[in-house]
Number of protein chains: 2
Amino acid sequence: MPKKRPLILVTNDDGITAPGVRMLIEIMNTIGDVIVVAPDSPQSGMGHAITVNNVLHCNPITIDEGPQIEYSCSGTPVDCVKMAVSEILNKKPDLCVSGINHGANSSISVIYSGTMSAAVEGGIEGIPSIGFSLLDYNYHADFRQCADFVKSIALEALKNGIQEGVVLNVNIPKLKKEEIKGIKICRQANGVWKESFDKRTSPYGREYYWLSGEFVNKDKGEDTDIWALENGYISVVPVQFDLTAHHAIQKINSWDL
Amino acid sequence: MPKKRPLILVTNDDGITAPGVRMLIEIMNTIGDVIVVAPDSPQSGMGHAITVNNVLHCNPITIDEGPQIEYSCSGTPVDCVKMAVSEILNKKPDLCVSGINHGANSSISVIYSGTMSAAVEGGIEGIPSIGFSLLDYNYHADFRQCADFVKSIALEALKNGIQEGVVLNVNIPKLKKEEIKGIKICRQANGVWKESFDKRTSPYGREYYWLSGEFVNKDKGEDTDIWALENGYISVVPVQFDLTAHHAIQKINSWDL
């Protein structure tokens, strides 16, 4: 860990007023100097979206007391990280943390998640980055139960660094602190969202849909994030943004192209 | 290739009327039975976003003549694929193609790209999937120059299949057909968008930003998509959606957690 207090960028996808990010700010205030750049509205499911067809607003804001400096941004979680790095901060932060998300981002959900995409963007920018999610969609979820674990993982990341090209996806089961069995480093489980669209008719007679779905785990491995979470552990998956399927190159080279 | 005509799902991120997708439909009509489910408005930069905070509309539409059946959808490219698979098609398509994108999706751009995220969603759904992009942002780009290559890659994918968990990211240089040197199977170059925000003031005195940026290639390798494109080749990168950085697990296991 740097001798002077580290500079920590905090963001999320549930919006700057969400209880999950307020708790994350409170935890990070005990570790370093905190800058918050977070969306002004909920941005769940935004994945790695950036705003290219519209303008962005970004303004200082005070949500609650504390030493943190905060900005509310009209864009996506990834926009917030870009805005922070390029416009707001005059140095690269020592750590970027995103969350604490209201709900799981394990298995394939990592790819749809605004929380994790913000962390991935931090990694692309060369900042050690971590996304945190609690397996509880309730707005009034008890984030305090996981505070010590979040702090411990952030401190270890500051102490050890995270290798280039890698960010951490941390999911925390909905358990009391003393019920959590420990922290497991895992791989992403092979799962899929089996969607179902809820078709309805508007008061004006027009049909519309709500996207809905159910997660299906196709992976029996005991080294996955889903297994860890189902068995009372916090899961930590190292995530990369080199998406190349290196193992597939040789096979496709045999095609008649 | 299946004996009967394959069922091909076509989508994109530039919107259902964009010249790139109209050319892709024309090409796919020569190979199989085509269903188009594409966004009703431009969705560039939407990454793997899905619509969870709003409703979706999806309606049959006729844009131009041809045997294809088309639907226009109010959602993101990923929503379009989910809608096609779950609501519109009564069987899994044999191939999902996305594009042809107006502009490059090489290197790290794969992660921001709606075109590629639609293809990745196809892969997640278990469909052999390919995203196509032409390195020309011009609305009137000459997509016909690359038609034979697009057809050839699609036919090979139908013949050979694409292994589970892998989708193809195809980028095509802005060259005449006879100037293209060939097709190279590549890895994703290590590059980054160095953003710059263009700060302006509205007529009402409020400051706002346009996200802008410049691509920086940090990779000197001759096995990358950027190298291939700069040297007159079409690049094909196999892309995976297991984001686990397997090589990083051991290191993080040594942390004091």
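With both residues required to sit in the range A:57-137, DSSP beta bridges show an antiparallel share near 40%. Highest GNM mean-square fluctuation among A:H140, A:H247, A:H102, for chain A modelled with Cα contacts below 10 Å: A:H247. Only bridges whose two residues both fall in the protein assembly as shown count here: according to DSSP, what percent of them are antiparallel, nearest 5? Roughly 45 percent of the beta bridges in the protein assembly as shown run antiparallel, per DSSP. Exceeding 31 Å between C-alpha atoms, which entries from my cross-link table qualify? They are B:K159/B:K251; A:K4/B:K220; B:K92/B:K181; A:K82/B:K220; A:K4/B:K251. Going by Cα-Cα distance, B:K159/B:K251; A:K4/B:K220; B:K92/B:K181 fall outside the 31 Å limit. For the segment A:51-61, counting C-beta atoms of other chains within 10 Å of every residue's C-beta and taking the mean gives 5.
Loop-located trypsin sites (Lys or Arg not before Pro) across the range B:19-93 with a Cβ neighbour count of 14 or fewer within 10 Å are B:K91, with loop assigned by DSSP.
Annotation: amide H of B:I63 has no partner in the under-5 Å range at sequence separation 5 or more or interchain, hydrogens built in the peptide plane.
Share of antiparallel DSSP beta bridges in chain A, in percent to the nearest 5? Before the final figure, lay out the partial values.
Values: 20 of 48 bridges.
Roughly 40 percent of the DSSP beta bridges within chain A come out antiparallel.
Cα centroid separation, the range B:89-125 to the range B:201-239: 18 Å.
Each of the GluC sites (Glu not before Pro) that DSSP puts in a loop and that has at most 15 other Cβ atoms within 10 Å breaks chain B; the longest unbroken stretch is B:66-163. For the residues A:D198, A:D13, A:D94, a GNM of chain A with alpha-carbon springs under 10 Å puts the largest fluctuation on A:D198. Since only B:P238, B:N160, B:V192 are under comparison, the one whose Cα sits farthest along the positive direction of the charge dipole of the range B:122-248, derived from C-beta charges on Lys, Arg, Asp and Glu, is B:V192. In the protein assembly as shown, helical runs assigned H by DSSP with n ≥ 4 each contribute -39500 (n - 2.57); averaged across all residues and rounded to the nearest 500, the mean residue ellipticity at 222 nm is -6000 deg cm²/dmol.
When only the Cβ of Lys, Arg, Asp and Glu is charged (+1, +1, -1, -1), the dipole of the range A:26-105 relative to its Cα centre reaches about 340 debye.
Around the Cα centre of the range B:98-257, unit charges on the Cβ atoms of Lys, Arg, Asp and Glu (plus for the first two, minus for the last two) sum to a dipole of about 280 debye.
Can you list the chymotrypsin sites (Phe, Trp or Tyr not before Pro) in the range B:66-140 that are in a DSSP coil and have 10 or fewer other beta carbons within 10 angstrom?
Values: sites: B:Y71, B:Y112, B:F132, B:Y137, B:Y139; in loops: B:Y112, B:Y137, B:Y139.
Those that pass, being in a loop and sparsely packed, are B:Y139.
Taking amide H atoms as placed 1.01 Å from N in the peptide plane, the amide H of B:G191 lies under 5 Å from those of B:I108, B:K218, each 5 or more residues away in sequence or on another chain.
Each residue of the range B:187-199 was assigned a 3J(HN,Hα) from its phi angle through the Karplus curve 6.51 cos²θ - 1.76 cosθ + 1.60 (θ = phi - 60°); the sequence is 9, 5, 5, 7, x, 8, 8, 8, 7, 9, 8, 8, 8 Hz, with glycine and proline shown as x. Of the trypsin sites (Lys or Arg not before Pro) found in the range B:183-232, those that fall in a DSSP loop while having at most 12 other beta-carbon atoms within 10 Å are B:R206, B:K218, B:K220. For the range A:1-115, averaging the sequence separation of C-alpha pairs within contact (under 8 Å, six or more residues apart) and dividing by the residue count gives a relative contact order of 38 percent. What the phi angles of the range B:87-99 give under the Karplus curve with 6.51, -1.76 and 1.60, with θ = phi - 60°, is a coupling list of 10, 9, 8, 9, 8, 5, x, 7, 7, 10, 10, 10, x Hz, glycine and proline written as x.
Read the figures in this text as sums done on the coordinates, not as results from a lab. All of these numbers come straight from a predicted model, not from anything done at the bench. Cβ coordinates were reconstructed from backbone atoms using ideal geometry, including for glycine residues, and neighbour counts include every protein chain displayed.
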